[in-house]
Every structure is written in C-alpha cells, then in structure tokens.
Amino acid sequence: MALVDIQVPDIGDFDEVAVIELLVKVGDTVKAEQSLITVESDKASMEIPSSGAGVVKELLVKLGDKVKQGVVIARLENDAAPAEKPAAPAAPAAAPAKAPESQSAPAAAAESGPVTVLVPDIGDFKDVAVIEVLVKVGDTVKLEQSLVTVESDKASMEIPSNVAGVVKEITVKLGDKINIGDPIAVVQASGGTAPAAAAPSAPAAASAKTESPSAPSAPASVASTPAAAPAAAHDPSAPPRAGLPHASPSVRKFARELGVPLDEVKGSGGKGRITAEDVQAFTRAVMSGASQTRAATAKGGAGSAADGGAALGLIPWPKVDFSKFGPIERKDMSRIKKISGANLHRNWVMIPHVTNHDDADITDLEAFRVSTNKENEKSGVKVTMLAFLIKACVAALRKFPEFNASIDGDQLVYKQYYHIGFAADTPNGLMVPVIKDADKKGIMQISQEMGELAKKARDGKLSPGEMSGASFTISSLGGIGGRYFTPIINAPEVAILGVCRSTMEPVWDGKAFAPRLMLPLSLSWDHRVIDGAAAARFNVYLGQILGDFRRVLL
Ligand code: CAO
C-alpha cells in the first residue's frame, strides 16, 4: 500500500482557477484518468483527471478553492506501483505548439482587411462540437472577444477572436465539429489585429486579460489539460453530467454576477444547455414576480399577500373600495396575527393536507374527569379533557411514529420525544404553547402546566422556548362549540388533531340506542408522509383509548 498525491497537472497559463465541483469523495475507488474535480475560469471549465488509480484517502481541496499547477487535490491509497507522475495528464497544449502556416499567415499579415479566424491549438481535442455561436454577422468584436463556445465531454471553452473588427462571415454553425486550423469566422480587421495573431497555438491562454499581447489569439485552451483524458473518453455528443448545470463558462460567470441559481434555469439550447438568454429570461421572470427562486420560496414568499399571488401564477387579489358599499373602519393586524398568518399560509400552500373525521365515545372518561375534579377540588388544579387528549395522543404517536416525524430533505426525522403543542385563543390571536415531554407527565401535571401556559399566552407572556419544539399539535374548540373543522398542520410537524364540542348522542350498542357522549375528532395529516389508512387507524386507536384508557397499558 502506498499513498500517492494527485496534483493539478500543467493547465497552461491558468494561474488560479476555482474548484466548482468535487466529483469524488473520501472512500471512493478511482481509476486512472477518472475526473476528480471540475475547475473553472471565466473562459473555460475543465475536469482534472487522476493520474493514478486507488482509494481516495483524503480530499485536499474544497468547493471555491483556487488551485493551480502542482496543488495536491487528493491523496490516494494505491496497492499497485506508484502512480504516474502528476505531469502525466500533461497538458500538451501547455507548451505553445507551432501553428500551422495556414493559420498564422492571414492573421499575422493583416493590419486591416479580412482576416479568417482559425481554431487555435486546442490540445489533443479532436472534433469538438460548437455549442454556442456568440456573435453574428455585422457585430463589431474586440480583440480576444469570444466568438464561439466548443465543448467536449470533459471541458467547454470559448474560442476568442485574434483580431478586432466587424464580423463579415461566420463559417461554423451549431453542432459543427471543429479541429485545429478550421476557420470560424471572417472578420474585417479594423487595424487592431494582434501582432502575433498567428499564434493560435498559445493554447493555454484561457484568460485573455492575463495574456501577453504577443499571443492574443490564444484560445480558451483549457482544453489542453483535459486533453490528457484518453481519446476514447471523448464524446462530444454525450449528454451533460447530472449535477452541474449545462452551460458555457461565460454563461456561468454571467449567472454568478446576477446571483442567478443556474440549476434552477431551464436551458433552451441543444441538450438542455443554458444560454445567456435563458439566464436573462429567468432574471426577468423573478424580477417581475412571475416566478421565484427556490430560496425565496423556502422563505415562505410564495403567494404572499404582498405579491398578490403572482408567484403561484394566480390572478391578482381583488382590490375593492369597500367604502363604496357602506361604512368601514380600518385596523392594523396584530403582530401575532401577521406572524401566524404567514406561517399558516405557507403551511396550507406547501403541505398536501388531508383531514379525517371521526368520533370518540368519552362517556366514561368525562364521568371520571368530573369525579376526579370533585375529589381534587381543594388542589386548585382542574383536570381538563385536553389533558386526557394529550396523553391519548402520546399513546397513538408511540404506536404510529410517522405522525411524530418531520420531513428533512429526502429523509424523515422520527422524534423520540413527545412535545405536544396546543392552540390557545388569545385576545391578540392564535398562540401555540408546548407541553414538553408529555409522555413523562401525569394528567394532573399536564393540566396544571396547560393552565399556566394558557394564562401566559392570554397575557402575552409566553417565552419563545415555551412555544417551540412541538412534535404534534392539538387544537381544541371544545369549550366553544362546533362539530368538525380542518386544522392546518403546524410545519415542520406532519399532523394535527382538531377537537370540537362533545355532545350526547344516541349510539346503537347492538341491541338498542344508548345515550353516549361523543367527541368529534378532525385529524389533518401530511400526505407526503402519512397514508389515509394510517390516518384512519390513528383515529380509531385514539377513539379506543379515549373510550377506555386502560388500553394504554396493553
Ligand atoms: N366538549 C365539551 N366541553 C368541553 C370540551 C369538549 N371537547 N372541551 C372543553 N370543554 C368544556 C370544559 O370542560 C369547560 O367547561 P367548564 O367550564 O364547565 O369546566 C369549558 O368547555 C371551557 O374549556 P376551556 O376551553 O376553557 O378549557 P380547555 O382546557 O378545554 O382548553 C384552551 C384550553 C387554552 C385550549 C382553550 O381555552 C382555547 O384557547 N381553545 C381555543 C383553541 C383554538 O383557538 N383553536 C383553533 C385554532 S385554529 O384557529
């Protein structure tokens, strides 16, 4: 076993390029020539292959790092002979190749007049596809201005003009496969031809800005490095790799400057490639409110009152002059109403709610509650139906753990604690204090805590800690009335139980109708996590416990 350092090979004139993608992770087994990272300059992006095979023991670069030749990218453990020298991926184009006569002559000679711009030395790349034509006939181009973008399966690069002037003819079209020496365009030089324009060979000169004037035509020859990739791997028609948006370096740079998340932009180019126009269209859509970035949606901006529903693609909220129809009075919404309103709106829009309704027979439980309160009159603690409901829900949550879960990306978080929130109606609006560790508390303690928390809520004295951490919520309208309703889930919880006023009803016991105290239950659940059958079972089980609390012991 030997440890081998894999370094950035000669990448030509590139001084410092940013790591934009890590293609392997510690523990991965890599083959020789397998790409390890992708780097990007303002003119080109390329993958850096491994010069040896082995298991990645350490990754020594991270996203955003600037790297150059000689920087160690990764340490591999290798049970074979030591890897080839890092120079192996030897960017052949790093050393200025001699330009073919035919290429150099016209540009070098031309101080003015038509100049045919040729494909410079782009290393070992053969038949690279033109994926973008960046200018059109009649355009005035500056020296070093990119004319076309070409792409292989390992890199994309822009080919700049080695002459300033007006584009007279474009001799390539999208999809054409081009090679060194192929004509790209004819430019009517305005006297600004680079003296050494003949040196399209200066390949590694990806950055025009750092280019010496003697090699102005230097293409974005980042290609030179990936050229180390085996020729067999070259397949310009290959679809773009998943993970990195398919866009040319200049489009990536443009998107970065505007702060546009490129992975959210739909590409209209060949094979879904994102063009500069796509980035502009995305920006326009976001700015006009017709669309929204994922980040903004996650912040709850979608369809807010402020955007009038535009983000959801809805017609605007009706604007009515109510005073035309009768006397009115305007009042500011309370702070709590605004906060809870924004939360409720997000939850209603983002969670696929379903509500199951059921009834529980609480005749015996209510009798027990009343007698308990009589016995404990002097204690000052009133046992409430809600306290029993909290305990019954804890038992059901234990039996059906997905109701006590939360979605986190592609994962479900199953909480092993039972913190139960309860909706409290206050003069300022809805508040949800939380009974922590309800599974570890008795009915008396829960009743007492609920009384204290409900009072604090009404007095506006709840601390943030007393309102956070719930894993399930109960909303009881039992003290008020009603039959059933649709409670809104309190994200990131996945279910909420609504309870209305119990009523005495005739219930068929198999022989006769008997008067029973029935409690209406409304369970809303997140259909991404919970199925209808599980919800029905949850309600049935809850009803059985409320009917006979001894079942909790089973
Ligand atoms: N069926 C019949 N009677 C019920 C009952 C039910 N399901 N639930 C409570 N009651 C009775 C109580 O026994 C009490 O009767 P007594 O005064 O005779 O003892 C009376 O109704 C009032 O109870 P309460 O509502 O004050 O007490 P509680 O423990 O049931 O609830 C609290 C406390 C804080 C949840 C409640 O005061 C409250 O704010 N409820 C509103 C919740 C809400 O707004 N939900 C909607 C959220 S979505 O907008």
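The values are calculated or read from the model by the stated rules, or taken from the named source; none is laboratory data. Keep in mind that what you see is a predicted model, and the values were worked out from it rather than measured. Ideal geometry is used to build each Cβ from the backbone, glycine not excepted, and the neighbour counts take in all protein chains shown. Just the protein is used for accessible areas: all its heavy atoms, side chains included, with ligands, DNA and RNA removed. Shrake-Rupley method; radii C 1.70, N 1.55, O 1.52, S 1.80 Å.
What are the residues in segment 1-31 that are modelled with pLDDT of 90 or more and of a type in the set (Gly, Ala, Ser), if any? Selection gives GLY27 alone.
For the subset of segment 489-517 comprising residues that are surrounded by fewer than 19 Cβ atoms within 10 Å (Cβ to Cβ) and within 11 Å of the ligand (Cβ to nearest atom), which member is farthest from the chain's Cα centre (by Cα)? My answer is MET504. Of all the residues in segment 446-460, those that are more than 11 Å from ILE390 (Cβ to Cβ) and more than 37 Å from the chain's Cα centre (by Cα) number 9.
Of everything in segment 445-462 that is more than 10 Å from the ligand (Cβ to nearest atom) and in contact (Cβ under 8 Å) with a residue 12 or more places away in the chain, the residue that is surrounded by the most Cβ atoms within 10 Å (Cβ to Cβ) is ILE446. Would you pick out the residues in segment 444-494 that are touching a Cys at 6+ places or on another chain (Cβ under 9 Å) and in a loop (DSSP other than H, G, I, E, B)? Residues satisfying the conditions are LEU477, GLY478, ILE480, GLY481, GLY482, ARG483, TYR484, PHE485. For the residues ALA438, ALA395, ALA405, ALA387, the requirement of being touching a residue at least 12 places away in the same chain (Cβ under 8 Å), within 22 Å of SER471 (Cβ to Cβ) and within 13 Å of the ligand (Cβ to nearest atom) singles out ALA387. Given the options LYS136, LYS142, name the one that is farther than 21 Å from GLY270 by Cα and among the basic types (Lys, Arg). On inspection, the qualifying residue turns out to be LYS142. The residue pairs whose first member lies in segment 473-497 and is in contact (Cβ under 8 Å) with a residue 40 or more places away in the chain, whose second member is near the ligand (Cβ under 10 Å from one of its atoms) and among the hydroxyl-bearing types (Ser, Thr, Tyr), and whose beta carbons are closer than 7 Å, counting only pairs six or more residues apart or on different chains, are GLY478/SER502; PRO487/SER475; ASN490/THR473; GLU493/THR473.
When each of GLU169, GLU132 is tested for being surrounded by 21 or more Cβ atoms within 10 Å (Cβ to Cβ) and at pLDDT 80 or above, the lone residue that passes is GLU132. So is VAL552 closer than 26 Å to LYS436 by Cβ, hydrophobic (A, V, I, L, M, F, W, C) and in contact with a strand residue (DSSP E or B) (Cβ under 6 Å, 6 or more places away or on another chain) or not? Against the criterion (closer than 26 Å to LYS436 by Cβ, hydrophobic (A, V, I, L, M, F, W, C) and in contact with a strand residue (DSSP E or B) (Cβ under 6 Å, 6 or more places away or on another chain)), VAL552 does not qualify. Only residues that are surrounded by 16 or more Cβ atoms within 10 Å (Cβ to Cβ) and either hydroxyl-bearing (Ser, Thr, Tyr) or at pLDDT below 90 (or both): list them for segment 172-189, please. The answer is ILE180, ALA189. Please go through segment 463-481 and pick out each residue that is within 11 Å of the ligand (Cβ to nearest atom) and open to solvent by less than 50 Å² (accessible area, probe 1.4 Å). THR473, ILE474, SER475, SER476, GLY478, GLY481 - these are the residues of segment 463-481 that are within 11 Å of the ligand (Cβ to nearest atom) and open to solvent by less than 50 Å² (accessible area, probe 1.4 Å). Could you pull out the residue among SER371, SER323, SER340 that is open to solvent by 30 Å² or more (accessible area, probe 1.4 Å), within 16 Å of the ligand (Cβ to nearest atom) and not β-branched (Val, Ile, Thr)? One residue alone meets the criteria, SER371. Could you tell me which of the residues GLU366, GLU329, GLU377 is of a type outside the set (Phe, Trp, Tyr), free of Cβ contacts under 8 Å to residues at least 24 places away in the same chain and within 23 Å of SER502 (Cβ to Cβ)? None of the others qualify; the one that does is GLU377. In segment 146-184, what residues are in contact with a helix residue (DSSP H, G or I) (Cβ under 9 Å, 6 or more places away or on another chain) and over 30 Å from LEU36 (Cα atoms)? Passing the criteria: ASN162, VAL163, GLY181. Checked against (1) crowded, with 18+ Cβ neighbours inside 10 Å; (2) part of a helix (DSSP H, G or I); (3) of a type in the set (Lys, Arg), ARG550 meets all criteria but (1).
Tallying residues that are within 13 Å of ALA155 (Cβ to Cβ) and assigned to a loop (DSSP other than H, G, I, E, B) within segment 33-47 yields 2. The residues listed here are GLN34, GLN69; of these, the one that is touching a Ser or Thr at 6+ places or on another chain (Cβ under 6 Å) and at pLDDT below 90 is GLN34. Of the residues making up segment 518-554, those that are of a type in the set (Val, Ile, Thr) and away from the ligand (no atom under 16 Å from the Cβ) are VAL529, ILE530, VAL540, VAL552.
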